[in-house]
Structure formats: C-alpha cells, structure tokens
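First comes the structure, then the notes that go with it.
The values are calculated or read from the model by the stated rules, or taken from the named source; none is laboratory data. These figures come from a predicted structure and were not determined experimentally. FYI the Cβ positions are ideal-geometry reconstructions off the backbone, even for glycines, and counts take in every protein chain you see.
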Amino acid sequence: MRIVVIGSGFAGAVFARLAADLGHRCKVFEARSQVGGNAFDRKVAGIVAHSYGPHYFRTDNAAVVRFLSRFTEWRKTVFRVLAKVRGKYVRFPISSGTYEDLYGKKLSTREWARELAARKVPLADAANAQEQLLSSVGEEFYKLFYEGYTAKQWGKHPRELLPYVVARIPVYKDDRWQYFSEAFQAQPARGYARMFENMLSHPLIDVRTSTPWDGERGDLTIYTGPLDAWFDCREGKLPYRSLKFRTRILARKNYQPCGQVNYPSLNVPYTRTLEWKHITGETSPLTVVTWESPADRGEPFYPMPTEEAARMAQAYRRLAAREKNVLFLGRLATYQYLNMDQVVWHAMQAARRALKPAPQPEESALGLPPFPSHWNPHETGYPKGTAHHLPGS
Ligand code: UDP
C-alpha cells in the first residue's frame with residue numbers, strides 16, 4: 001500500500017513507522033522545517049528545551065512504552081509543579097502538602113480528608129469547570145489556584161468551560177508532590193527530536209520537511225492537521241487555543257525551585273514559567289527559562305473545551321467518518337485534548353486495524369489489551385462507536 005501522512009507529530013510518525021515496518025511505503029508531508037510536531041525540542045545554550053510548551057511523557061500503557069523504547073532510552077523522572085500564590089511557592093496539584101505550604105500546618109491523612117470534605121461544595125453533577133472544581137476542592141482553592149489560571153489559559157471563565165478540562169488535574173489524598181499519577185514518567189534521554197528522527201528513519205519512509213501538503217493522496221491518507229481545515233471550514237471555524245513563548249538564557253545556576261511554576265493570578269500576564277534543566281536533566285552553570293502565555297491566534301495547540309466547540313467538532317467528525325481511505329489522528333485532527341501516550345495508542349490501534357495482517361513482532365505489541373487508564377474517550381463528547389474513525393470500527 002502507498003500511504004500519505006500529513007504531519008510528523010506523534011500521530012503521523014507512529015503510524016508511518018508501523019506501516020513501514022509492515023512493508024508499506026510512506027510519504028510524510030511536514031510543513032515545518034523539522035519533524036516531531038509540537039513535541040519538538042532543541043538545545044538552547046546546551047540545554048534541551050521544548051519548543052512548543054512542556055511535554056511530560058507519562059503513561060500507564062506498557063505497549064506504548066515498549067513501542068517508543070525502540071527509538072529512545074528514557075530518563076525517568078517525576079514531574080513537579082509549584083504554584084506561586086500569596087507571594088510564595090506552594091506545591092501543586094492540591095494535596096495536604098499544598099495545605100501545609102499555605103498554612104504552615106502539617107495534617108495527617110485523616111485530618112486532610114476531613115479538611116477537604118469540609119471544603120467541597122456538594123454538587124451532584126458538575127455542569128462546567130467551575131462546578132467541577134467547587135465540588136472537588138471547594139471555593140478557596142478554586143479561587144486561589146484555578147479561577148485566574150483557567151481564565152488566562154482559555155480566555156473564558158471556568159463557568160463557560162466543560163468539566164473535563166480541569167478534571168485532568170488530580171487532587172491528592174495525601175502529601176504527594178507530583179503533577180501526574182501515571183506509573184511511567186520520563187523524558188526521552190536525548191530529547192523528543194532525536195526520538196522522532198529515529199522513528200522516521202526507515203528506508204520506506206520518505207519525509208519531506210518544509211513541505212506543506214500539496215493535496216496528494218495515498219491508497220491510505222493519514223491526516224493529523226486541524227480537523228476543520230480538511231473540510232475548508234465548511235461547518236464553521238473550530239477554535240484552537242494557541243500559546244506564545246518567550247525563552248531566555250540566564251547567567252545563573254537556577255531560576256526557580258522546579259521545572260514548572262504556575263501563576264494563577266490575573267495580575268501576571270503569563271500562566272507558567274518553565275526552567276528546562278529541571279525537566280530535561282542537564283547540569284549547566286547557565287539556565288534556560290520560558291515564559292508561556294496563552295493566545296487566541298497563532299499555531300493551534302489545544303481544542304477549546306466549550307460546549308459550542310464540541311458541537312461543531314461533532315459535526316466535523318461525522319463528515320470525517322464518511323471520508324474514504326482517510327484516517328484522522330492526533331489532537332488537532334480529532335479535536336480531543338489527548339496526551340502523548342493516548343495519541344501513540346490511537347495510532348497503534350489505527351495501524352493494527354488498517355494494515356492487517358500485521359506480522360510479528362509488531363502484532364504482539366499492538367494486540368495488547370485496551371488502554372488501561374482512567375481515561376474515558378467519551379468524556380470529551382466523542383461520539384460513541386466512532387472514536388477513532390478506523391475502518392471496521
Ligand atoms: N489549571 C489551573 N491551574 C493550574 C493548572 C491548571 O486552573 O495551576 C487548569 C487550567 O484550566 C488548565 C487545565 O487545568 O487548562 C489543565 O491543566 P494542564 O496542566 O493539564 O494543562 P496543559 O499542561 O495541558 O496545558
């Protein structure tokens with residue numbers, strides 16, 4: 001089969017590699033001058049820094065780790081975030097450690113459970129992000145950590161947003177200080193860019209960088225760009241949220257105590273600062289810091305978590321499901337707020353279904369049980385039964 005892949009981020013690169021492994025020829029169109037999509041990273045003053053916002057690889061899916069481990073070694077780590085509130089650094093997400101940093105009092109697990117229970121606003125079914133937060137952490141923490149950050153991140157009040165967007169963040173029953181709860185948390189040891197180059201390095205894969213897609217189709221076409229663009233926005237323009245980055249090399253050893261500091265206050269124009277050496281593991285007498293600010297315009301990064309956008313995306317997905325020999329994969333093309341491991345898993349499943357029969361050893365990696373995590377694809381309003389636009393699904 002001759003396969004055309006549009007975009008070389010996780011969705012496109014994983015699909016292309018699996019197809020090539022099975023003997024199919026792939027042509028990959030990449031508009032940017034480099035591969036890797038928004039996971040791309042590069043060295044700044046000798047320190048690996050992510051070019052399009054922090055990419056924390058984490059998963060509970062062993063098959064995903066096994067597949068990616070063909071192309072990289074890993075530097076295991078635990079991703080840690082602090083929030084700057086009331087003039088000090090406070091552990092985030094919310095845990096009894098957060099309480100301790102705010103009030104100077106260490107609570108036992110039982111005391112913390114009681115404290116949290118007393119704070120929660122009883123709301124049976126959260127209709128929006130504000131209600132989701134009030135019912136899980138209560139008014140004070142909502143105001144302090146979420147209201148301003150969310151308003152900056154999305155340009156909308158949490159009341160106007162779907163609950164799933166804030167339900168991404170755990171609330172801990174103890175004093176755990178880690179951003180994510182997945183078992184495997186790591187960075188590709190030599191960076192994402194290197195991992196993508198290795199993945200796409202195959203005699204049957206022809207990668208064209210700095211080459212926007214010219215309309216060429218394959219026997220099978222994999223589209224990973226914005227969903228509405230494929231259909232010339234005929235159902236309306238889908239809103240994607242963008243980000244702006246300001247990166248500086250600082251002549252000092254450290255800027256902040258950990259890789260990411262969140263700034264929930266509306267008085268601060270940015271949402272977070274990233275100090276890359278904490279995240280990517282270099283030691284250097286210098287440090288590299290990025291200030292991240294959300295933006296309406298610019299490259300698409302996130303689907304907007306609103307009811308209206310979800311409805312429009314649904315209409316596009318119905319059109320997508322009717323496209324012949326085209327698969328829509330990845331965050332932009334499915335209009336789902338997917339994490340990297342979910343995108344890899346979708347691409348693996350899509351390859352397994354579209355490219356049958358798959359020989360060993362890929363079949364064993366692909367034939368594993370369904371995604372073993374808390375993630376529910378229907379939470380994001382994805383229509384039941386059409387979750388991946390796969391032939392035969
Ligand atoms: N969020 C917040 N305060 C924070 C961190 C996150 O209110 O300090 C909310 C915000 O609405 C954000 C969402 O939680 O968009 C998801 O956060 P996450 O860190 O997963 O965002 P990402 O890293 O994907 O940009």
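Within the stretch 235-264, residues that are touching a residue at least 24 places away in the same chain (Cβ under 8 Å) and assigned to a strand (DSSP E or B) sit with their Cβ atoms under 6 Å from residues that are among the acidic types (Asp, Glu) and surrounded by fewer than 16 Cβ atoms within 10 Å (Cβ to Cβ), at 6+ positions apart or across chains, in these pairs: SER242/GLU299.
Among the helices (runs of 4 or more DSSP H) confined to the stretch 310-367, the ones with at least 2 residues that are modelled with pLDDT of 95 or more and within 18 Å of the chain's Cα centre (by Cα) are located at 331-334, 340-354. Screening the stretch 1-23 for residues that are over 19 Å from VAL344 (Cα atoms) and not charged (D, E, K, R) and picking the one that is surrounded by the fewest Cβ atoms within 10 Å (Cβ to Cβ) gives GLY23.
Just one of the numbered conditions (1) more than 9 Å from the ligand (Cβ to nearest atom); (2) assigned to a helix (DSSP H, G or I) is not true of VAL166: (1). The helices (runs of 4 or more DSSP H) falling completely within the stretch 32-143 that include 2 or more residues that are within 15 Å of the ligand (Cβ to nearest atom) map to 96-103, 129-137. The residue pairs whose first member lies in the stretch 144-169 and is in contact (Cβ under 8 Å) with a residue 60 or more places away in the chain and closer than 20 Å to PRO269 by Cβ, whose second member is within 9 Å of the ligand (Cβ to nearest atom) and among the basic types (Lys, Arg), and whose beta carbons are closer than 8 Å, counting only pairs six or more residues apart or on different chains, are GLN153/ARG241; TRP154/ARG241; GLY155/ARG241.
Taking the listed residues GLU275, GLU323, GLU307, the one that is in contact with a Phe, Trp or Tyr (Cβ under 9 Å, 6 or more places away or on another chain) and over 22 Å from ARG42 (Cβ atoms) is GLU323, with no other qualifying.
Return the only residue of PRO257, PRO269 being within 16 Å of the ligand (Cβ to nearest atom) and in contact with a Phe, Trp or Tyr (Cβ under 8 Å, 6 or more places away or on another chain). Criteria check complete, one pass: PRO257.
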